[in-house]
Each structure stands twice: as structure tokens, then as C-alpha cells.
């Protein structure tokens, strides 16, 4: 199996501390993180992914908005440059400890944060990064 992720969720995973839009969203996110922690591969998708799943039934889910697609573009560019590989739909890879560590360092340094512009969770992510990513779930 693979975990379907949109590109900007590669950044969101770095600071996930068990908080989300709703209890159902958080429970689902916990399961996605568990799968990734067990070594399940990621496949990059365009649009809603396994993390977005609980939001799809809502009226006007934000995961279908243009702003989410724009975040995906910024994240794919920045994470791809960091990992020295293109990040595009259909790419498959495993988020291992080394890649997560490098992504967190770049995130803390602000090198991959353009995708975060205007995100309602940015303040929480800033605090998690400033705290050395303590209590993150992945």
C-alpha cells in the first residue's frame, strides 16, 4: 500500500502534533502518520489525498480550493530542490528519518515555507519548529 499525499502535506507532516480541523480529521491523520512511521511509501497526488479524506464531504472543502493547489506547487518546488529530485504527481518514495530530518532543518530555516503563506495553521507550525519539533507524531 501507499499513502496518497498532495505535495504541501509533505510540509504539514513535519509539524503535526495531533491537532486538526475536527476529531475525525485528527483520527484519520493519526492513522496516516502511523502508516508512514511504519515505512509505508508515499505517492504524490494532485488534489485531495489521504489526509484530506474526512473533509471531502464538507460544503466547499478547502482542499478543493485554488489556494491548496498553489501550496502544492510551492511545496513541490521547494521540497524537490531540497531532496534534489522532482516532486510531481505519481512520484513514490519513503519518508525515512534522514529525509525528515533534512526537511525539518530546511523548514526551520524558512527554506520551504512559501507554501505555508496564508495557512491558518502557520502559527502552530512556527511554534512546533521553534520548539525543535518536540511532540511531533512522525
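Read-outs: derived from the displayed coordinates by stated rules, not from any lab. This is a predicted model, so every value here is computed, not measured. As a convention, Cβ positions derive from the backbone with ideal geometry for all residues, glycine included, and neighbour counts pool all protein chains shown.
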- Item | Mean separation of Cα contacts under 8 Å (6+ apart) over length of region 15-138, as relative contact order % | 36
- Message: Working only with C-alpha atoms, what are the Rg and Dmax values of the chain, expressed in angstrom?
- Response: 13.7, 39
- Query: For residue 69 and residue 84 in one chain, what is 0.36 nm times their gap in residues minus the Cα-Cα distance, to one decimal in nm?
  - Reply: 3.2 nm
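Between residue 26 and residue 114, what's the calculated FRET efficiency when r is the beta-carbon distance and R0 is 22 Å? Round to 0.05.
On the way: r = 26 Å, r/R0 = 1.18.
Plugging the Cβ-Cβ distance into 1/(1 + (r/R0)^6) gives 0.25.
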- As a check on your grasp of the helix formula, calculate [θ] at 222 nm for the chain: sum -39500 (n - 2.57) over DSSP H runs of n ≥ 4, divide by the residue count, round to the nearest 500. -14000 deg cm²/dmol
